[in-house]
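A short worksheet on the structure shown next.
Derivation of every value follows stated rules applied to the coordinates shown; laboratory data play no part. Small disclaimer: the values here were computed from a predicted structure and weren't measured. Positions of Cβ are backbone-derived with ideal geometry, glycine not excepted, and every protein chain shown enters the neighbour counts.
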Amino acid sequence: MNALLWPLALLACVALQWLFSFWTFLGATPQFALVATVAVAVIRGPAAGETFGFTAGLLIDALGAHLFGANALALTLIGYAVGRLRRQMDASLAPPQMAVVGLLSWVHFALLGLIGSVFIGKFSLRPVQGLLLLPLYNALLAPFVFGWMQRFRVKEGPQTL
């Protein structure tokens, strides 16, 4: 049963991000995939974070009309980096979760811009109000997504038959 929970969490995350892409508030929408990738990387480590980020990013890229693979690469890098640095942060409480996700929202934006400048020759800027509100939306979403992802945490240790 537990093997089905992570793919369901992944599909729910991508579906919510796709659904909210149709409804913007002042030019910004929350990025469920980014927040979930950070949560998975903090909870499970770099391998799970980069795998979740790559898969979520690839599905989001397949559903969007922009540079294919940009989200997959950006979320993979973020998932790996957060997973490697998870021991240096206390992400058990909401304020650190919100701070990390808020900062990584700008990192994600910068990575997408750099990837775009390499492959299509321009750094695409979102509207300024979206850039300012995006970290706020993602930070407010972080405690809920972290709590939701904690439910899928597999207990580590020896397996019993």
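For residue 31, the amide hydrogen comes within under 5 Å of the amide hydrogens of 138, counting only partners 5 or more places away or on other chains and with H modelled in the peptide plane.
Please return the longest range in the chain lying between exposed loop sites, taking trypsin sites (Lys or Arg not before Pro), DSSP loop only, at most 14 other beta-carbon atoms within 10 Å, and leaving the sites out. That would be 1-121. Going from the residue with the fewest nearby Cβ atoms within 10 Å to the one with the most, 75, 8, 112 rank 8, 112, 75.
Here the label points at residue 26 and residue 92, each 7 Å from Cα along the C-beta direction, are separated by 3.4 nm in the simple model. Label zone (residue 8, point 7 Å along Cα-to-C-beta; backbone nitrogen cut-off 17 Å) within the range 32-76: none.
The residues packed around residue 46, meaning those with a beta-carbon under 10 Å from its beta-carbon, carry a net charge of +2 if Lys and Arg are +1 and Asp and Glu are -1.
Here the 3J(HN,Hα) profile of the range 32-42, calculated from phi with Karplus coefficients 6.51, -1.76 and 1.60 at θ = phi - 60°, is 4, 5, 5, 5, 5, 5, 4, 5, 5, 5, 5 Hz, Gly and Pro shown as x.
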